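Colleague: First, the structure itself, so that you have it in front of you.
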Amino acid sequence: MKNFGFSLSKDRQIDFDKSDKRIMDFVKIEEPTFNICIACGTCTATCSAGNFTEMNLRKMITLIKRGEITGVRAELSKCMLCGKCSLACPRGVNTRNVIFKINQALEKYSL
Amino acid sequence: MNRKRVIVIGGGIAGMESAANLASMGYDVTLFEKSQELGGHLLGWEKLFPTMRMGKDVVKFLDKGVHLAKVNIVKNSNITNASKNGNLFTVSCGDGAKYESEALVLATGYDIFDAKRKEEYGYGIYDNVITSAELEEIFLSGKPLLTTKGEIPKRVGIVHCVGSRDEKVGNVYCSKVCCVTAVKQSIEIKEKIPDSNVFCFYMDLRMFGMHFETLYKQAQEKHAVNFIRGRLSEACENMDGSLLVKVEDTLAGKPLRMSVDILVLMVGMVPSEGTKKIGTMLGMNFGANGFLKSQDQHTMTSISNIPGAFFAGCCGSPRTINNVFADARSAAMMTASYLEAYDIEERITYI
Amino acid sequence: MKAEGKQAIWKEYQKEIADDKYFYVRSCVRQNFFPGSETTFLRILREELGKDIYEHACHTTCTGIGYHGDIVPVDTMMTVVARQFAMMTEAGYENLVPSCITSFGIYTEVMDTWHHFPETEQKVRDYLWKATGREFQIPKNLAHASDIVFKFRKEIAAKAKYQLINKETGKPLKVVEHIGCHYAKMFPDKGIGGAEYPYVLTGMIEEWGGEVIDYPERRHCCGFGFRQYLVQANRGYSMSCSHKKFESMKPYQPDLILTNCPGCPMFLDKWQYAIAELEGKTYGANGQGIPVFTYEELAGLMLGYNPWDLGLQMHQVSCEPLMDKIGIEYNSETKYHDKNGNSLGVPEKPTVLKVSL
């Protein structure tokens, strides 16, 4: 292999046909309110962790639904489980349980 | 008794309902319909949002109104001229017949946006790209939704705002009904093919009607319909005849591509050819978007620039069915007021 | 896919192309990238079609590369364009034919700008007068050189010695057509067939016996992108664009790629080498690449011109397997000889990509 001083760039495009939807499929069954999120961001606005770290529950839920799961474990570890997101959600998503279930899926599939 | 006459042009919801209302008030009403059947676009619709009641129930209700009030009906009408001379409106048909009246209601409706104009979505080119109207025809026919190869689709993509909110095609307005139609049709697809996955690609979800939001939540909660915020830049055909769609998932902040077996385009409403033709014959004013223009957006709805000529329904702007009913009755009311010498602008009756 | 759907769109995007008396403006880079192409174009027009096509020795770059690379200001670019127009006017021509797609885009953009803002045109006329004392007429007809070949595709087919047909199977060759971005993406109605389903190359391929492949990433850019390629650190991004296209077209097993832009054939050809070296991946049969042609080269091949006069020895992906498929005669001995028969030297063999030397 030669070294040209450049290489193929990583494709930023989400390839939905190939992405990993195991966490999504697990959480959808275990906590069905996961489906009714409208990505309004109220959870992230109030998130204790999100105010000081890159943790963004709204975005994480969206990415899990697209099968983009790299970094979910690290992101989720910042959550303090205070429950404010569940309190704030206007749609009735049980966000606290969604977080538990994402964690379970991470363990189940060793992700 | 020498009854005052009203001509209503267009036999869809707006025309039928305004005709029925005017006739029931005692006017001599003649309703013109260009096709052989009354009902307009509603005839092509199986179930209606947000209640999922049958479209034909509403047609039946409208038919009853028109018949009991003894509206004169001219079907297969080919209107060649419409004009106002003095205080009389004259309408001539292709068969040589001439009709006169003291007032006129235009209810010539909308046309469906020609999806071929969004070239990048490949309608008319790629096998499995269909419009929301065609999907509705499939539902109405009772046939199953299949790909052109005869397979049950595993994934269906639904594209919102096709021909609406799009400067590129010259339609900057929202067609109002497409978002909720997408939600309704997603639910119907999931009911018919529970194993399928349905993806709606939207810019905003405009769930403005009283029960629309409930229907949307039902689509998510009960049917696991997926909503992805982002507008398609293009669709391409894969080797197996499925479609590769490209979109930015604007909530994930990343471009996304996925294959779908069938792509449904939510086609919007455009001013109908009939509206343009007859509105122009009468000298009616058109607004910037090509629909008929009322004398005032807030206070003079249904009222055209021609005294005695009124309009109802989607020839004025895209509307939902319940809005069309309200508008048709309002136009009937305004027509009757005019015939009874009430000056709506000055708010006095001349006796 | 429904052919009639595309045909309906092609009908909507027709364009007027002058019949004769062309003022030809060359590309800055093509003579290095694919050195036989422009010469072949002139030869076909003059010798096969008997057309009057003129080029001026003092013609310069249109500055498109600098303009798109953010180093040439728009006023400078327009003044240089005005100077080309002046040379055309002085030579007594009215029909401008640029060889380069980006030049075609630049001329189209300038003419459109002046159409909408006559005061800008006047300003540029003043600049040109002050700088050079020249005056000019705006071209009556602007057509890219590929538009001209498209216009005469039937005449070329009538004189052709070969067709895009596999001589063993008798079946049409499968061709990927790749249109330069600046051909129609900015001004769809200035391109034959529009921007979404361009017909300019498809028309040639169909006329010359081939079959066009429509693959999902057909509309994607080759990745040239001026700045992206010019800066070494950015080249991975440029190469990734071509890579995306190769991955998408590979399952269709194309026999060749046809292009109408200076940059696209360069990158679609050379990146196949780079990707093979970096990723170990090739896209043609038996470890070979997919050969890439300019439309002039392909027209020349169909007409039976010597492939080494067309410059095919300068391609990274070898053209011999394709010529063998069609049954085109060539002499391997003279591949790397100059016009006088002297050896030019033989290129180094790549480690991964299989080539014919």
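The values are calculated or read from the model by the stated rules, or taken from the named source; none is laboratory data. Nothing here was measured: the structure is a model prediction, and the numbers come from that model. Here the Cβ positions follow ideal geometry from the backbone for every residue, glycine too, while neighbour counts run over all protein chains shown.
Colleague: Residue check: is C:V175 away from every other protein chain (no Cβ under 13 Å), closer than 29 Å to C:V110 by Cα, of a type outside the set (F, W, Y) and crowded, with 23+ Cβ neighbours inside 10 Å?
Modeller: no
Colleague: Moving to a separate point now. Name every residue in region B:298-315 that is buried (at least 19 other Cβ atoms within 10 Å of the Cβ) and free of Cβ contacts under 8 Å to residues at least 40 places away in the same chain, in order of residue number.
Modeller: Residues satisfying the conditions are B:T301, B:S302.
Colleague: How do the pairs read when you match residues in region B:243-256 that are facing chain A (nearest Cβ under 7 Å) with residues anywhere that are of a type in the set (S, T, Y) and surrounded by fewer than 22 Cβ atoms within 10 Å (Cβ to Cβ), using Cβ under 8 Å and keeping only pairs 6 or more apart or on different chains?
Modeller: B:D249/A:T62; B:L251/A:T62; B:A252/A:T62
Colleague: If a residue counts only when it is among the basic types (K, R), which helices (runs of 4 or more DSSP H) contained entirely in region C:124-235 have at least 1 such residues?
Modeller: Of the helices (runs of 4 or more DSSP H) lying wholly inside region C:124-235, those with at least 1 residues that are among the basic types (K, R) span C:145-151, C:153-159, C:227-230.
Colleague: Among the residues of region B:316-342, what is the count of those that are of a type outside the set (A, V, I, L, M, F, W, C), under 17 Å from B:A23 (Cα atoms) and crowded, with 24+ Cβ neighbours inside 10 Å?
Modeller: Summing the residues that are of a type outside the set (A, V, I, L, M, F, W, C), under 17 Å from B:A23 (Cα atoms) and crowded, with 24+ Cβ neighbours inside 10 Å in region B:316-342 gives 2.
Colleague: Moving on to the next point. Please pick out the residue among C:Y197, C:Y162 that is more than 16 Å from the chain's Cα centre (by Cα), more than 14 Å from chain B (Cβ to nearest Cβ) and among the hydroxyl-bearing types (S, T, Y).
Modeller: C:Y162
Colleague: Check whether at least one residue in region C:183-192 is more than 12 Å from every other protein chain (Cβ to nearest Cβ), within 27 Å of C:N306 (Cβ to Cβ) and modelled with pLDDT of 95 or more, and report yes or no.
Modeller: no
Colleague: While we're on this one: Go through the residues of region B:231-241 one by one and say whether even a single one is surrounded by fewer than 16 Cβ atoms within 10 Å (Cβ to Cβ), in the same structural domain as B:E188 (by TED's automatic domain parsing), touching a residue at least 24 places away in the same chain (Cβ under 8 Å) and farther than 30 Å from A:D11 by Cβ.
Modeller: Within region B:231-241 (the criterion being surrounded by fewer than 16 Cβ atoms within 10 Å (Cβ to Cβ), in the same structural domain as B:E188 (by TED's automatic domain parsing), touching a residue at least 24 places away in the same chain (Cβ under 8 Å) and farther than 30 Å from A:D11 by Cβ), the answer is no, since none of the residues qualifies.
Colleague: Could you please find all residues in region A:84-97 being surrounded by 14 or more Cβ atoms within 10 Å (Cβ to Cβ) and within 14 Å of chain B (Cβ to nearest Cβ)?
Modeller: A:C89, A:R91, A:V93, A:N94
Colleague: Mind telling me which of the residues C:G209, C:G193 ends up being of a type in the set (G, A, S) and out of contact with any Phe, Trp or Tyr (no Cβ under 8 Å at 6 or more places or on another chain)?
Modeller: After ruling out the rest, the residue left standing is C:G209.
Colleague: Of all residues in region C:200-226, which are away from chain B (no Cβ under 14 Å) and under 17 Å from C:I101 (Cβ atoms)?
Modeller: Scanning region C:200-226 gives C:V200, C:L201, C:G203, C:M204, C:C222, C:G223, C:F224, C:G225, C:F226.
Colleague: Six or more apart or on different chains, Cβ atoms under 8 Å: show the pairs whose first residue is in region C:7-31 and within 14 Å of chain B (Cβ to nearest Cβ) and whose second is surrounded by 20 or more Cβ atoms within 10 Å (Cβ to Cβ) and among the β-branched types (V, I, T).
Modeller: If the second residue must be surrounded by 20 or more Cβ atoms within 10 Å (Cβ to Cβ) and among the β-branched types (V, I, T), the pairs left are C:I9/B:I125; C:W10/C:I192; C:Y13/C:I192.
Colleague: Within region A:49-63, is there a residue that is out of contact with any Cys (no Cβ under 9 Å at 6 or more places or on another chain), modelled with pLDDT under 95, facing another protein chain (nearest Cβ under 8 Å) and exposed (fewer than 15 other Cβ atoms within 10 Å of the Cβ)?
Modeller: There is no residue in region A:49-63 that is out of contact with any Cys (no Cβ under 9 Å at 6 or more places or on another chain), modelled with pLDDT under 95, facing another protein chain (nearest Cβ under 8 Å) and exposed (fewer than 15 other Cβ atoms within 10 Å of the Cβ).
Colleague: Moving to a separate point now. Being outside the structural domain of C:T294 (by TED's automatic domain parsing), acidic (D, E) and surrounded by fewer than 19 Cβ atoms within 10 Å (Cβ to Cβ) narrows it down to one of C:E206, C:E168, C:E155, so name that one.
Modeller: C:E155
Colleague: If A:L81 meets every condition in (1) crowded, with 17+ Cβ neighbours inside 10 Å; (2) away from chain B (no Cβ under 13 Å) apart from one, which number is that one?
Modeller: (1)
Colleague: OK, next. For the list (1) in contact with a Ser or Thr (Cβ under 6 Å, 6 or more places away or on another chain); (2) within 25 Å of B:S132 (Cβ to Cβ), I need the number of the one condition that B:Y342 fails.
Modeller: It is condition (2) that B:Y342 fails.
Colleague: Go through region C:298-357 and give me each residue that's in a loop (DSSP other than H, G, I, E, B), closer than 28 Å to C:E279 by Cβ and of a type in the set (A, V, I, L, M).
Modeller: If the condition is that a residue be in a loop (DSSP other than H, G, I, E, B), closer than 28 Å to C:E279 by Cβ and of a type in the set (A, V, I, L, M), then C:V317, C:V346, C:V352, C:L353, C:V355, C:L357 are the ones that fit.
Colleague: Could you check, for region C:265-275, whether at least one of its residues is farther than 28 Å from C:K167 by Cα, buried (at least 23 other Cβ atoms within 10 Å of the Cβ), modelled with pLDDT of 95 or more and small (G, A, S)?
Modeller: Yes, region C:265-275 contains at least one residue that is farther than 28 Å from C:K167 by Cα, buried (at least 23 other Cβ atoms within 10 Å of the Cβ), modelled with pLDDT of 95 or more and small (G, A, S).
Colleague: Let me ask you something else. Can you give me the number of residues within region C:68-106 that are of a type in the set (F, W, Y), in a helix (DSSP H, G or I) and over 20 Å from the mean Cα position of the chain (by Cα)?
Modeller: Counting residues in region C:68-106 that are of a type in the set (F, W, Y), in a helix (DSSP H, G or I) and over 20 Å from the mean Cα position of the chain (by Cα) gives 1.
Colleague: Go through the residues of region B:204-213 one by one and say whether even a single one is of a type in the set (D, E, K, R), touching a His at 6+ places or on another chain (Cβ under 8 Å) and not assigned by TED's automatic domain parsing to the domain that holds B:K84.
Modeller: No, the conditions are met nowhere in region B:204-213.
Colleague: Which of the residues spanning region B:214-223 are over 15 Å from B:T181 (Cβ atoms) and either surrounded by fewer than 17 Cβ atoms within 10 Å (Cβ to Cβ) or within 22 Å of the chain's Cα centre (by Cα) (or both)?
Modeller: B:T214, B:E221, B:K222
Colleague: What single numbered condition from (1) in a helix (DSSP H, G or I); (2) without any contact (Cβ under 8 Å) to a residue 12 or more places away in the chain fails to hold for A:T70?
Modeller: (1)
Colleague: Shifting gears a bit: In region C:231-255, what residues are aliphatic (A, V, I, L, M), surrounded by fewer than 20 Cβ atoms within 10 Å (Cβ to Cβ) and at the interface with another protein chain (Cβ under 9 Å from one of its Cβ atoms)?
Modeller: If the condition is that a residue be aliphatic (A, V, I, L, M), surrounded by fewer than 20 Cβ atoms within 10 Å (Cβ to Cβ) and at the interface with another protein chain (Cβ under 9 Å from one of its Cβ atoms), then C:A233 is the only one that fits.
Colleague: Something else now. Here is a check on your reading of the model: is C:C58 within 18 Å of the chain's Cα centre (by Cα) and not in a helix (DSSP H, G or I)?
Modeller: Judged against the criteria, C:C58 is not a match.
Colleague: Further question on the same structure: Do we find a residue being modelled with pLDDT of 95 or more, surrounded by fewer than 19 Cβ atoms within 10 Å (Cβ to Cβ) and not acidic (D, E) anywhere in region C:139-147?
Modeller: yes
Colleague: Something else about it: How many of the residues in region B:101-128 are assigned to a helix (DSSP H, G or I) and touching a Gly at 6+ places or on another chain (Cβ under 6 Å)?
Modeller: Total meeting the criteria: 1.
Colleague: All but one of (1) in contact with a strand residue (DSSP E or B) (Cβ under 6 Å, 6 or more places away or on another chain); (2) in a loop (DSSP other than H, G, I, E, B); (3) of a type in the set (D, E) hold for C:D269; which doesn't?
Modeller: (2)
Colleague: Could you check region B:129-248 for helices (runs of 4 or more DSSP H) lying wholly inside it with 1 or more residues that are closer than 23 Å to B:D111 by Cα?
Modeller: It comes to B:132-141, B:178-192.
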